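Quick notes on the structure that follows.
The values are calculated or read from the model by the stated rules, or taken from the named source; none is laboratory data. Computed from a prediction, not measured in an experiment: that's the story for all the values here. Please note: Cβ atoms are built from the backbone with ideal geometry, for glycine as well, and neighbour counts cover all protein chains shown.
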Amino acid sequence: MARRQPRNRNRTVITPEGVALPLVLASRGSRAAALFIDLILIVTAMTVTTLTLIWIAGGVGIKIGEVDADGPKSRAVQALAIVWIIAMFLFRNAWFLFFELGPRGATPGKRVTGIRIAARGTERLTTEAVIARNIVRDIELFMPIVFISSAIASGSDTDVAGWAGAIWCAIFLLFPFFNRDSLRCGDVIAGTWVVEAQNRKLGQALSVSAPAAAADQAFTFTSAELAVYGEYELQTLERVLREDKGSALDDVADAISRKIGRPYPYRAERVFLESYYIQLRAQLEQGLRLGRRKADKYAA
Amino acid sequence: MNEPANASLLGRLGGWFSPAASADIAAATSAALRSDRFRLEREGEWKRLEAIVSRIERGRLRGVSDEDLLALPALYRTAVSSLAVARETSLDAETLLWLEGLTRRAWFIVYGPRAGLGDWLLRFFGGGWGASVRALRSEILIALALMVAGTIVGWLLVASDPDWYYALIPGGMADARVPGASRAVLLRTLFGQQDQHGLAVFAAALFSNNAQVAILAFALGFAFGLPSALLLIQNTTMLGALLWLYHGQGLTLEIIGWLSVHGTTELYAILLAGAAGLHIGRAMAFPGEASVLDAAAAAGRRSAQVMVGVVLMLIVAGLLEGFARQLIDNTAGRLIVGTFMLVLWTVYFFVWRGAGKSA
């Protein structure tokens, strides 16, 4: 891992095969949104469970107030109460664990916001790491909220110790804002971070989708005509061709035509651009194979 | 240009990578660009990888055939090497970005968590738990020393000035158990509660509460271990004060029996949680050769296993506290249960080494 991290959200990990893979860190906003969605889901699940258990208790024919009565009814209430306590514990602690251990590495909230967890550096994401990052959530989230809200609730009565505690907790809560990788304490301990999980479709190869042979005959550019542009312009042209918007095609075709001093027939801008793109790419890739890169039109 | 010769060479290379792809290669020769031919020759394998990855991501692991699962690592490596080659030879931004994305998704899966929760638990009980506890041996000794010190301090404080008792013991617990209480009153808190109702609920509630405390003791290790140490001392001063109170009325053995039923398990669990917290704190304060972040990550992963064990121990402790303590109404029986649990945990952690896995 590089020791100096850039200020933007682009990071690189090296796979064990030695290939650099770019990653984009999740923004703090999307992580907060994911957490919020998860909390809503957890509270909903807790409420549904509670209501179901009360409904079952009602079906057995007992009221919650009558726990003291001995006999089968009170045993049934006890059993339900145990189920309830264990369910609440699991919702609070196992929700994140269960979902983040899956192949997506994301809770439902993270899936909605399109982010997932990953291991920092070259190591693999381990079960222990997922456990470690979620076990710390308690002091990062639930404890500060309880502490700070109680400090605010008691208002002017709060003593110095109370405020000190609240500030101390706020440090944990706001930890992601104090480092460039927006790690929370759990991420630090577990060696993980949260990244965007992009998923894109593969477009058609341009030299196949274009009627290449015909285009080659229509326009053959000289090496000097191709030498005016570099990789940056090539990729801009690729984007324009893939988006396939009439006005943009016109503009770009005009610009190229002016630059290389070569007119193209009316309504032939797409063929013109495609053949220029393919020949420019062929030329630049040939240079690439020989170890010459031309980053953009300003490069020598 | 010598394009035909190159094309056939590429075709042969492609053939080495995947004998079945010759149809793709035939189609690829019609592409105008070398880099596009490179892409078309391999696209079939990439798409197969993508299909497998998508199915696994959607959580349908059972829908993936054995053949596909076996092919996954090889397909992943093909994609990685294709990416490395494409970066040096192709200027097709679309393909590069897509291939990067595909490799990343496959990397997450191929190098993802090796075991699901079930498999992991099997390994955990079959020796992984004990090994992780043994790895924290020095921290466990430190935490044990802190707990013993806390107990002694609690005893001495209350012995020097009984007013300390009210400062150490939370109000809810100190109903009948206050300094100056008669022997009979104290005895009643220890025995004769087996007609209580709702023991099971009590046990579950105790577990839930204790587990959160233990998780806190671990999580606080993040602040260089100091809060963990304080929490250990604070909890054991209570123990010391309680011991002093009953000692004053000659009930020392009885209170130890009353506590030991669940206490040996519970204190053991708190000991391990505190040790795990201290382990992280120590790794962050003295990271050694590694960076602070790396050291903290390594320590966190090591102690996370211990913490899962701690939660399980607290379930056992909650059950013992809720049932066994109230149902066994004599000191000898309580001491036997408590000692048995203590020996059981110690043997499981430190003597038994698991099935064929040396630590």
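State yes or no: is A:Trp84 facing another protein chain (nearest Cβ under 10 Å) and at pLDDT 75 or above? In short, yes. Selection of the range A:167-208 for residues being surrounded by 15 or more Cβ atoms within 10 Å (Cβ to Cβ), in a loop (DSSP other than H, G, I, E, B) and charged (D, E, K, R) yields A:Asp181, A:Arg184. Residue pairs whose Cβ atoms lie under 7 Å apart, sitting 6 or more positions apart in sequence or on different chains, and linking a residue in the range A:195-212 that is within 7 Å of chain B (Cβ to nearest Cβ) to a partner that is at pLDDT below 75 and not in a helix (DSSP H, G or I), are A:Ala205/B:Ala31; A:Ser207/B:Ala31; A:Ser207/B:Ala32; A:Val208/B:Ala31; A:Ala212/B:Ala32. With respect to B:Arg105, determine if the residue is under 23 Å from B:Val308 (Cα atoms) and either modelled with pLDDT of 90 or more or within 14 Å of chain A (Cβ to nearest Cβ) (or both). No: the conditions fail for B:Arg105. Considering only residues that are facing chain B (nearest Cβ under 9 Å) and touching a helix residue (DSSP H, G or I) at 6+ places or on another chain (Cβ under 6 Å), which ones fall in the range A:89-100? Passing the criteria: A:Phe89, A:Leu97, A:Glu100. Within the range A:121-139, the set of residues being part of a loop (DSSP other than H, G, I, E, B), in contact with a strand residue (DSSP E or B) (Cβ under 9 Å, 6 or more places away or on another chain) and either within 23 Å of A:Ala170 (Cα to Cα) or more than 7 Å from every other protein chain (Cβ to nearest Cβ) (or both) comprises A:Gly121, A:Thr122. Candidates are the residues of the range B:295-327 that are buried (at least 20 other Cβ atoms within 10 Å of the Cβ) and basic (Lys, Arg); the one that is nearest to the other protein chains (Cβ to nearest Cβ) is B:Arg301.
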